[in-house]
Amino acid sequence: MFRRAAILLLTSLPTAVDAAAPGGIDPAVTTIFEKHCVNCHNEKKDKGDFRMDNLIPDFTDEMTAQKWAQVMFRINTGEMPPEDEEPLTREEIGKVVDWVSSRTEEGRAARLARRGPIEHHRLSRAEYANTVRDLLGVEYDVSAPGALNEDPMWHGFDRIGALLTLSPSHVDRYFKAADLVLSRAYPDVEPKVFKKRFDAIDIRYARYNKYKREKMVEMGIADKVRAPLWPKGDFAGLLPHWIPRGQQPGLYRAKIQLSGLPGPDGTVPHLTIWDAKRKRALFDEDVIAPENQPVVLEFEAFLEMPAEIEIQNELPFPFPTDGNHTRNVLDHQDHGFFIHSKDASMLNPTAYKLFDDDGKPIHPLLIIDWIEWEGPLTSEDDLAKRKSYLA
């Protein structure tokens, strides 16, 4: 039953509208036109090259309907009658506007009814994703490998009915999509919510976490270490082995605390949260925040599990490799610990320079404290949507 209901999302079905044949002019409206309009807009005196005496009430003709729309507009705005003529009362204006508006809609319906057969088409990928989200509150990534076929483009548009054909491969993929969507909306076992914060040690020393953490705890600096990220650099944001086995895909909320220090020329560091498996950005933003006053940024993104996410400082130039060596530096993941730009006591003295002697960044720099993930998220509204189909 559910599968049949879901597959109906494949097509967008237009509704035929029957329109009654247009009639004559309302007698009350005719009286208003004769009193205020016809004297100046007739065969002998057609002010503005516009005649009212021969304007037929055929709203099924688009050109005629446009002339009536012009009449309504000029009366409704007070442009007509002119100031030297007797103005229309509110009641008269209301009658004219109501009559023209209703007849215009009737004429539009009649014109649509006269059209030839309408091209039926399937939903585009974006429309399908939006539809299942609206109906069931389920996030479905239509661009995932093996998901829905890419929609053909025509002059920049991907919703042309004649191009949105439905081949056997489309049908097969839509059935699979429907099954997947319904399994997420009505799972056999409720998914466990994963919520965990990963600190600078996890982020900066992902490969050497245990060794580094033990060493920093022993040194008494584990709660002080931060992760500086230079241009074109990247750190771990979420790794598969950080995630419980069997964690479900879905919408996840992320929070990240960091500082952003512009370079000497004012270039601002640019944070990008990158999905390494899907090769796409989940979130990006320029960051300006003093080293001692970090900001917390929050966003939501759909994650396939197990996810592999990177934190990047995405700028159009690479980290320099000119061989500068000073004590105020950082190098590989297994050397040096960063605490503050003005505290070089824990740094490796033989790596690339990040700060000058005054503690100012030489390059646009992100300094990351932690990143937190929570999900999959399901709102009360989404649950209510799903329950409504079970009633």
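Going Cα to Cα from residue 277, which aspartates and glutamates come in below 14 Å? Please leave out same-chain ones fewer than 8 positions away.
Partners found: 141, 304, 308, 310.
Could you calculate the contour length gain from residue 130 to residue 293, that is, 0.36 nm times the residue separation minus the distance between their Cα atoms, to one decimal place in nm?
Numbers: separation 163, 0.36 × 163 = 58.68 nm, distance 3.87 nm.
Residue separation times 0.36 nm, minus the Cα-Cα distance, leaves 54.8 nm.
Can you compute the FRET efficiency between residue 377 and residue 285 using 1/(1 + (r/R0)^6), with r the Cβ-Cβ distance and R0 = 22 Å? Round to the nearest 0.05.
0.60
Return the subset of 232/360; 255/387; 45/67; 196/232 for which the Cα-Cα distance in this structure is over 23 Å, preserving the input order. If you can, show how the numbers build up before the last one.
Values: 232/360 19 Å; 255/387 30 Å; 45/67 18 Å; 196/232 27 Å.
In this structure, 255/387; 196/232 exceed 23 Å between Cα atoms.
For a quick check of understanding: with a 1.4 angstrom probe and all protein chains in place, what accessible area in square angstrom does residue 157 have, to the nearest ten?
The value for residue 157 is about 130 Å².
Using a probe of 1.4 angstrom, how much of the accessible area of segment 142-268 is carbon and sulfur, in percent?
Details: 3770 of 7120 Å².
On segment 142-268, the fraction of accessible area on carbon and sulfur atoms equals 53 percent.
When the dipole is taken about the Cα centre of segment 176-224, and only Lys, Arg (+1) and Asp, Glu (-1) are charged at their Cβ, what size is it in debye, to the nearest 20?
In total the dipole reaches around 260 debye.
Not counting ligands, DNA or RNA, and with a 1.4 Å probe, what is residue 272's accessible surface area in Å² rounded to the nearest 10?
10
Can you pull the Kirkwood radius for segment 51-162, inverse mean 1/r over Cα pairs, to one decimal in Å?
When all Cα pairs of segment 51-162 are included, the Kirkwood radius is 18.6 Å.
What are the residues whose amide H is under 5 Å from the amide H of residue 229, where those residues sit 5 or more places off or on another chain and H is modelled from the backbone?
366, 367, 368
The values are calculated or read from the model by the stated rules, or taken from the named source; none is laboratory data. Just so it is clear, the model here is predicted, and its values are computed rather than measured. Note: ideal-geometry Cβ built from the backbone for every residue, glycine included; neighbour counts use all protein chains shown. Surface areas here come from the heavy atoms of the whole protein model, side chains and all, with no ligands, DNA or RNA. Shrake-Rupley method; radii C 1.70, N 1.55, O 1.52, S 1.80 Å.
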